[in-house]
1. Which of 15, 63, 161 sits farthest toward the positive end of the charge dipole of the chain, with +1 on the Cβ of Lys and Arg and -1 on the Cβ of Asp and Glu?
2. Can you sort 282, 273, 81 by how many other beta carbons sit within 10 Å, fewest first?
3. Springs between alpha-carbon pairs under 10 angstrom, Gaussian network model over the chain: which of 236, 88, 303 fluctuates most?
4. What FRET efficiency comes out for the pair residue 246/residue 223, r = Cβ-Cβ distance, R0 = 35 Å, nearest 0.05?
5. Once you have a ≥ b ≥ c as the square roots of the Cα gyration tensor eigenvalues for region 316-410, tell me rounded if a/c is under 1.5, and otherwise prolate or oblate according to whether a/b is larger than b/c.
6. Which one, 120, 275, 350, projects farthest toward the positive side of the charge dipole computed for the chain from Cβ point charges (K/R +1, D/E -1)?
7. Tell me the mean residue ellipticity at 222 nm calculated for the chain from its helices only (DSSP H runs of n ≥ 4, each -39500 (n - 2.57), averaged over every residue, nearest 500).
8. Report the calculated FRET efficiency for residue 389 and residue 210 (r = Cβ-Cβ distance, R0 = 41 Å), to the nearest 0.05.
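Bear in mind these aren't lab numbers, they're just calculated from the coordinates by the rules spelled out. Predicted model only: the values in this text are computed from it and were never measured. Methodologically, a virtual Cβ is constructed for each residue, glycine included, from the backbone with ideal geometry; neighbour enumeration extends over all protein chains shown.
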Amino acid sequence: MTEHDTELKRLQEQLAQEAAGHKKAEEEKADLLNNVGLYIKEQNCLYGIAELVRRYDNSLDEVFKNLPSLLTIAWQYPDITCARAVFRGKESKTSDFKATQWMQAADIMVFAEKAGAIEVCYLEERPPLDDGPFLKEEKRLLENVAERLGKIIEHKETREALARAKKDIEESYKKLKELEDLKDSLLHMIIHDLNNPIAAMSGYVELLKMQLSGNLSERQNKSLESALLASRQLKRMVENLLDVNKMEQGNIKLRYEDFSIEDAASGVVEQMTVIAERDNKTLSLEITEKLPEVSADKELIKRVIANLINNAIKFTPPKGSVHVKVLSDRDAGCVCVRVKDTGRGIPKDYLDKIFNKFVRVEAKEAKTGRGLGLTFCKMTIDAHGGKIWVESELEKWSEFIFMLPCNKKG
Ligand code: ADP
């Protein structure tokens, strides 16, 4: 072989190599372009679905109705691609849909259960690729769409369930409130109806006692006295119930008048001494200064004092004592009433609570009462712009204290 021939061969080989390299680069470029095209189609399809969901936020039916035509554009041969979506028994499909042998499908899972499926079919045969005539990217896209739909449905159903639960709660609350109002008005009616006969009964017993005094044996006298105390107790309970009810509904009007707190306190103490003595306890009153007049609802304030003394007697053992002290704080423009007993005391964690409705230190107190007396006292004192609280040492003593402004508030 001549030198010339050798050079020619070398050039030929070099040309062939360059041609092969060029072909490979061309193929890679075509592949890349194809991939970019697929990617753009896929993104268009996903964007279209996102738009659908945004536009028809409240209607899954609308989303499903428009879904099949959106799917077809993302496949390699849109012209021969048809699609169908099935969700909870309903189906929507492109007008040309036909279930052919060239089909790809993905399930829609909602809360781990199959709720539907999406299917894409070719209407004509195409050369085989990764998955029949389809690309693996198309399979991935279909699964991706099915998964996103599942999540969107879960999200929407959770939101709807929450909204339903909220509505249910609101309705239950409304019904409960209506029942509560009905109960309150029934209670109010019953208590109101009880009030008059009880007041009449205690009035007649009192009258009887006055008329018969001196003509009765000691036993008869004692019986009459017990009947009188019991009817007063009943009257107090009914009045407390009635007033707490009225105050809760904002229906109580305070009847302000100027009066001497000294007279009011001593009147109550005098009345309650009989109860204390009957139970072998002492009841005393201490006033060491000239007290200013008070402008308040006299009857209500007297009942506050009576409730506090009644409790003090009730929760003090025989031979114990109840001491009432009335004093003034002229700088603060207040009078202060303190009712101290030598009774069983009140546990620390109950010191605030016992002013709440129906709260009693021992739920099954053998003593009479329903946990409303102190509620009445607090509501009354609060309504006057005053303050009431209790101090106590367990097993030793309790002291209920209230401060009342001398002049009408507001
Ligand atoms: P009740 O009608 O049950 O006496 P109150 O509201 O007057 O209702 O009192 C609520 C609870 O507070 C009582 O049941 C009792 O447990 C406690 N209590 C009230 N006063 C005293 C007191 N002076 N000593 C001890 N405990 C008291």
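1. The Cα lying farthest towards the positive end belongs to 161.
2. Lowest to highest Cβ neighbour count: 282, 273, 81.
3. Looking only at 236, 88, 303, the biggest GNM fluctuation is shown by 88.
4. 0.50
5. Judged from the Cα gyration tensor, region 316-410 comes out oblate (a/c at least 1.5, b/c at or above a/b).
6. It is 275, whose Cα lies furthest towards the positive end.
7. It lands at -19500 deg cm²/dmol.
8. It comes to 0.55.
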